[in-house]
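Novice: Pasting in a structure now, in structure tokens, and then I'll have a few things to ask.
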Amino acid sequence: MRNKGGIMRTIRLTISLLILALSSEGILHAQQKPLPSPRDSTILLLQGKKLVVDYGRPSMRGRKIMGELVPWNKAWRTGANEATTFRIDTSLIIGPGVPLQRGAYTLWTLPSEKGWKLIINKETDQWGTNYRESQDYARFDLTVEKLDKPVEQFMIGLEKTGNTSGVMKMMWENTLVSTPFMINEKRIPPSPRDSVELSLAGKKISVNYARPFMRGRRIIGVVVPYDSVWRTGANAATALTTDADLLTGGVSLPKGKYSLWTLPSEKDWKLIINKKVGQGPAQYDPKEDLARIDMTKELLEKPIEQFTISLEGTGDGTGVLKLAWENTQVSVAFKLK
């Protein structure tokens, strides 16, 4: 009986070892099997500064790509799986002259039968279907070419064209799209600071603000969201300084310094005059509001590329404050008190 029991134990042990061996072989085979869309990187050094694109590389595998797997007129992740990332160690000028500060971005494309656009988005570390248009930094046209031979696996390349310049290329199936870039040697800011002044009866009124560009983006309702307080510019809060007491929208505004904010909606806009100054873009405090004033809204025939604030005199001791961007202009009148 003992001998029989020993034989049974040996058989069970042999079976267990065989199962373990088969399982290990299956795991090893799975590990060795190539991924359908492996992750890859392309790296370029310009003046010792590194530019890196990290992306997924899907293959054609007999499928029709352009217009089907990559649909027309819809933002595409420009690769596979996680969103494609663009990390730069230096400031660039990319495409038609868009200043791009050092940092990390995600790259998306908007393909169509008539042309392609590159979308540079400020959000990172997201899955490739989690695109948010409100986070777009810039959109601009890409150069499109037809290839003689199909490219089986999607590829992004960064090629040097000079000591401080290069070109980004994306290729798949029979399509090649590209855009040039160069080091931003003049350090052009994406939203330069500016000021506008008006003198009424010898008293100075001024607004200091940042001037962001459209850069191909949809602005009103997207970059400038509806029903949410907007900084009315970019970066640090927009500042109003007046050497005289004013009256605007039925509200008395004592001489001094204020920050200006707006509350846009599809129907109308409100100007928010806030008593707190020197704050950052996310430091709006409604408890410091002095007034919220209705603004006059009108649509412009030609789009305004760069956000603009103007102060215009309209008569003896009277003036108007105007804000204009894209196809929208809003204004509010004021006068010396």
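The values are calculated or read from the model by the stated rules, or taken from the named source; none is laboratory data. As the structure is a prediction and not an experimental result, all values here were calculated from the model. Because the Cβ atoms are built from the backbone with ideal geometry, glycine has one as well, and the counts that use them run over all protein chains shown.
Novice: Can you go through Val177, Val167 and tell me which one is surrounded by 15 or more Cβ atoms within 10 Å (Cβ to Cβ), over 16 Å from the mean Cα position of the chain (by Cα) and over 19 Å from Lys74 (Cβ atoms)?
Specialist: Val167
Novice: Suppose we keep only residues that are surrounded by 15 or more Cβ atoms within 10 Å (Cβ to Cβ) and on the phi > 0 side of the Ramachandran plot within region 71-86. Which one would you say is farthest from the chain's Cα centre (by Cα)?
Specialist: Selected residue: Asn81.
Novice: Still on this model: Answer yes or no as to whether Val222 is at pLDDT 95 or above and touching a Phe, Trp or Tyr at 6+ places or on another chain (Cβ under 7 Å).
Specialist: no
Novice: Related question: Looking at Ser178, Ser195, can you tell me which residue is touching a Ser or Thr at 6+ places or on another chain (Cβ under 9 Å), polar (S, T, N, Q), more than 30 Å from Thr308 (Cα to Cα) and outside any loop (DSSP other than H, G, I, E, B)?
Specialist: Testing whether each residue is touching a Ser or Thr at 6+ places or on another chain (Cβ under 9 Å), polar (S, T, N, Q), more than 30 Å from Thr308 (Cα to Cα) and outside any loop (DSSP other than H, G, I, E, B) leaves just Ser178.
Novice: Would you check which residues across region 294-311 are under 13 Å from Val332 (Cβ atoms), out of contact with any Leu (no Cβ under 6 Å at 6 or more places or on another chain) and surrounded by 13 or more Cβ atoms within 10 Å (Cβ to Cβ) and list them?
Specialist: Residues satisfying the conditions are Asp294, Thr296, Lys297, Ser310.
Novice: So, of the residues in region 256-272 that are polar (S, T, N, Q) and within 10 Å of Thr232 (Cα to Cα), which turns out to be farthest from the chain's Cα centre (by Cα)?
Specialist: Per the criteria, the residue is Ser259.
Novice: Any idea which residue in region 231-247 is farthest from Ile205 (Cα to Cα), counting only those that are crowded, with 20+ Cβ neighbours inside 10 Å and not small (Gly, Ala, Ser)?
Specialist: Filtering first and then ranking leaves Arg231.
Novice: Could you grab the pairs with beta carbons closer than 7 Å, sequence gap of 6+ or different chains, first residue in region 310-332 and on the phi > 0 side of the Ramachandran plot, second one among the basic types (Lys, Arg)?
Specialist: Close Cβ pairs satisfying both conditions: Gly317/Lys335.
Novice: Identify the single condition in (1) outside any loop (DSSP other than H, G, I, E, B); (2) modelled with pLDDT of 95 or more that Ala30 does not satisfy, given that it satisfies every other one.
Specialist: Condition (2) is where Ala30 drops out.
Novice: I need the full set of residues from region 154-192 which are of a type in the set (D, E, K, R) and modelled with pLDDT of 95 or more, in order please.
Specialist: Once the filter is applied, which keeps residues that are of a type in the set (D, E, K, R) and modelled with pLDDT of 95 or more, region 154-192 yields Glu159, Lys160, Lys169, Glu173.
Novice: In region 56-70, what residues are under 13 Å from Pro38 (Cα atoms) and buried (at least 18 other Cβ atoms within 10 Å of the Cβ)?
Specialist: Gly56, Arg57, Pro58
Novice: Looking at Val229, Val223, Val207 in this structure, which one is in contact (Cβ under 8 Å) with a residue 24 or more places away in the chain, closer than 17 Å to Lys322 by Cβ and β-branched (Val, Ile, Thr)?
Specialist: Exactly one residue qualifies, and that residue is Val207.
Novice: Out of the residues in region 198-216 that are surrounded by fewer than 20 Cβ atoms within 10 Å (Cβ to Cβ) and among the charged types (D, E, K, R), state the one that is nearest to the chain's Cα centre (by Cα).
Specialist: Arg211
Novice: Here's something else I'd like to know. For region 294-316, state whether one or more residues are over 32 Å from the mean Cα position of the chain (by Cα), of a type in the set (A, V, I, L, M, F, W, C) and at pLDDT 95 or above.
Specialist: no
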